[in-house]
Amino acid sequence: MSLVTKQKTYADNDPIIYSDLNANWDALYDLVNGNLDNSNIAANAAIDPVKISGTAATLAGAQTLTNKTLIKPIQNAVQKLTADAYASTITFDMTTSNLHKPDALTGNAILAVENVDSGQAFIVILQQDGTGGRTVTWWSGIKWVTGSPPVLSTAANVYDIFSFIYDGTNYYGSIVGLAYA
């Protein structure tokens, strides 16, 4: 079996040219006889055991990378708004999104959060229904700028927006804006 040789060394902000990338992938593909999987990676770990270890991520499907650090942020990524269903208790799952907007409040609701990581920031957008005057009970552990929870705007169909940062113990809540029409 032949060794893969690095065709080019990339520096920060160096554009990747498809021909360079293709040459590297072709060499790696040839090295494992067209069968790139965890067993081939483990078998070839002697090439550089420091760089090849553990389970390789696949190129297709969803990936869960646990305890990994991204050296450079993903550019041009857009956080999707999660439309949560209205219920008497609305739970915002922070593994789904950092932006949550439940259906219009058609009654008073209890708000809850789950799966929040220390250091995570998130936004909640609440909308009154056509009747208005709906209230919410916030989850525990929120420290508000004013020391007490804000009162929602009561007019029909208006939006209130709130932001939060979780430090592992407390949620620091802020009003982004009230009564967006």
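The values are calculated or read from the model by the stated rules, or taken from the named source; none is laboratory data. All figures in this text were calculated on a predicted structure; none of them were measured in a lab. Reconstructed Cβ throughout: ideal geometry from the backbone, glycine too, with neighbour counts over all protein chains shown.
Structural remarks
- Residue among 109, 181, 85, 156 that alone is out of contact with any Cys (no Cβ under 7 Å at 6 or more places or on another chain) and modelled with pLDDT under 95: 181
- Number of residues in segment 130-181 that are within 23 Å of the chain's Cα centre (by Cα), among the small types (Gly, Ala, Ser) and not in a loop (DSSP other than H, G, I, E, B): the value is 3.
- Residues of segment 109-129 satisfying the condition of being outside any loop (DSSP other than H, G, I, E, B) and either charged (D, E, K, R) or not assigned by TED's automatic domain parsing to the domain that holds residue 91 (or both): 114
- Filter result for the condition that a residue is under 30 Å from residue 67 (Cα atoms), at pLDDT below 95 and exposed (fewer than 13 other Cβ atoms within 10 Å of the Cβ), over 167, 117: 117
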